[in-house]
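Taking it in order: structure first as structure tokens, then the write-up.
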Amino acid sequence: MTMELLTPLDTICRLIIRAREMEAQVPAQDADEDPDNVDDFDDEGGEALSVLEDEVNTGVEEEIRALLDDLADDQLAEVLALAWVGRGTYDTSEWDDATQEASDNVEQGNDGAIDELMDMPMLAGLLDAGLAAFDLSCEGIGQID
């Protein structure tokens with residue numbers, strides 16, 4: 001089944017790229033929480049060493065939130081509905097129901113819909129699967145090959 005997106009495909013693909021970046025980051029572990037379970041220690045200070053710090057994760061998360069916030073209400077609803085299709089909450093044949101529920105969600109406030117998307121584990125994969133369900137992909141768009 002194919003459909004016409006309201007949201008530009010490159011915008012959805014950019015969200016997928018950023019969500020993958022966010023999912024790939026691991027916040028620095030605090031040595032005080034469980035020092036026996038920390039991979040790398042600073043021998044002098046007893047501090048956990050990490051390549052990635054929380055600020056990096058926050059920056060990507062803020063960018064994703066900004067991307068979502070910049071979408072028109074119907075586009076934000078469409079992205080939420082795509083994630084639901086990717087998760088299996090809705091089937092492609094139920095697209096109208098998915099977009100209606102997502103629109104109702106967005107009408108109650110963009111922040112709730114954005115929070116729901118940000119709280120989804122593996123958001124990039126869900127959006128990718130949602131696009132694939134409609135025979136769409138990010139192949140050849142942006143940094144995704």
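The values are calculated or read from the model by the stated rules, or taken from the named source; none is laboratory data. Here the structure is a predicted model, which means the values were calculated and not measured. Cβ placement follows ideal geometry from the backbone for every residue including glycine, while neighbour counts extend to all protein chains displayed. Areas reflect the complete protein model, heavy atoms only, side chains present, ligands, DNA and RNA absent. Shrake-Rupley method; radii C 1.70, N 1.55, O 1.52, S 1.80 Å.
Worth pointing out:
- Number of positions in the range 126-144 that are open to solvent by 40 Å² or more (accessible area, probe 1.4 Å), part of a helix (DSSP H, G or I) and not hydrophobic (A, V, I, L, M, F, W, C): 1
- Pairs are defined by a Cβ separation below 7 Å, a sequence spacing of at least 6 or placement on different chains, a first member in the range 106-135 that is touching a residue at least 40 places away in the same chain (Cβ under 8 Å) and polar (S, T, N, Q), and a second member that is in a helix (DSSP H, G or I) and surrounded by fewer than 21 Cβ atoms within 10 Å (Cβ to Cβ); the pairs so defined are N110/D69.
- Residue within the range 50-59 that is modelled with pLDDT of 95 or more and either open to solvent by 30 Å² or more (accessible area, probe 1.4 Å) or part of a loop (DSSP other than H, G, I, E, B) (or both) present: no
- Scanning the range 1-41 for residues that are at pLDDT 50 or above, farther than 14 Å from L82 by Cα and either among the aliphatic types (A, V, I, L, M) or within 12 Å of the chain's Cα centre (by Cα) (or both) yields R14, I17, R18, A19, R20, E21, M22, E23, A24, V26, A28.
To keep it simple, each residue is scored yes or no on (1) surrounded by 17 or more Cβ atoms within 10 Å (Cβ to Cβ); (2) closer than 23 Å to E23 by Cβ.
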| site | (1), (2) |
| --- | --- |
| T89 | no, yes |
| W95 | yes, no |
| Q108 | no, no |
| D115 | no, yes |
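- E78 charged (D, E, K, R) and open to solvent by less than 60 Å² (accessible area, probe 1.4 Å): yes
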